[in-house]
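The values are calculated or read from the model by the stated rules, or taken from the named source; none is laboratory data. Since we're looking at a predicted model, the values are computed, not measured. Ideal geometry is used to build each Cβ from the backbone, glycine not excepted, and the neighbour counts take in all protein chains shown.
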Number of protein chains: 2
Amino acid sequence: MKRYEIFVTGKEGIFDPAGEQSKRALANLGYQGIDELTIGKLIRLDVEDDVTEETVREMCRKLLANPVIEDFSITLLEEA
Amino acid sequence: MKRYEIFVTGKEGIFDPAGEQSKRALANLGYQGIDELTIGKLIRLDVEDDVTEETVREMCRKLLANPVIEDFSITLLEEA
């Protein structure tokens with residue numbers, strides 16, 4: 001069994017309403033010094049050993065990320 | 001300026017419908033060997049140098065995470 005961690009983040013220049021709103025809400029709570037806040041997805045995927053990173057990349061392109069507006073990166077965490 | 005990365009993930013045993021649905025969708029696409037798929041949040045927070053990790057922890061408890069059903073971890077990425 002191994003675990004991949006996939007980070008899905010909005011592409012540069014794509015509006016991130018959830019991030020923008022959280023940033024404003026923090027300011028309203030009195031927090032200062034916040035320059036930028038973006039919210040992406042962290043996907044943890046536990047798979048059998050024979051599932052390769054190339055296959056995971058394909059899963060991201062087909063389903064887990066939206067390649068038009070999102071970037072993704074894949075990290076292999078552990079192998080047991 | 002420094003950047004914190006915050007990972008917000010569902011607590012053990014809390015139902016994760018988005019993860020469950022993605023797992024099923026991948027199976028329907030023909031992918032095999034998927035044991036577990038969970039979806040959390042990756043928050044990137046760029047702040048002024050005087051914003052401490054303790055302050056970020058407070059932001060998480062108050063707004064960015066829901067401590068009842070979510071865990072969060074904070075990493076300081078860079079300092080410039």
Completion exercise
Within the range B:53-77, the count of residues that are facing chain A (nearest Cβ under 7 Å) and part of a loop (DSSP other than H, G, I, E, B) comes to 0
Exercise for the section: Could you run through the range B:16-47 and say how many residues are touching a strand residue (DSSP E or B) at 6+ places or on another chain (Cβ under 8 Å), within 7 Å of chain A (Cβ to nearest Cβ) and of a type in the set (Gly, Ala, Ser)? Expected result: 3
Handout entry: Residue among A:38, A:55 that alone is hydroxyl-bearing (Ser, Thr, Tyr) and in contact with a helix residue (DSSP H, G or I) (Cβ under 6 Å, 6 or more places away or on another chain)
Key = A:38
Handout entry: Among residues of the range B:3-34, those that are touching a helix residue (DSSP H, G or I) at 6+ places or on another chain (Cβ under 9 Å) and part of a strand (DSSP E or B), counted
Key = 5
Problem - Search result, residues across the range B:46-68 that are of a type in the set (A, V, I, L, M, F, W, C) and either loosely packed, with under 12 Cβ neighbours inside 10 Å or more than 26 Å from residue B:14 (Cα to Cα) (or both) - result: B:47, B:51, B:68
Exercise for the section: With respect to residue B:50, determine if the residue is facing chain A (nearest Cβ under 7 Å) and within 23 Å of residue A:2 (Cβ to Cβ). Expected result: no
Exercise for the section: Return the only residue of B:33, B:13 being at pLDDT 95 or above and within 26 Å of residue A:64 (Cα to Cα). Expected result: B:33
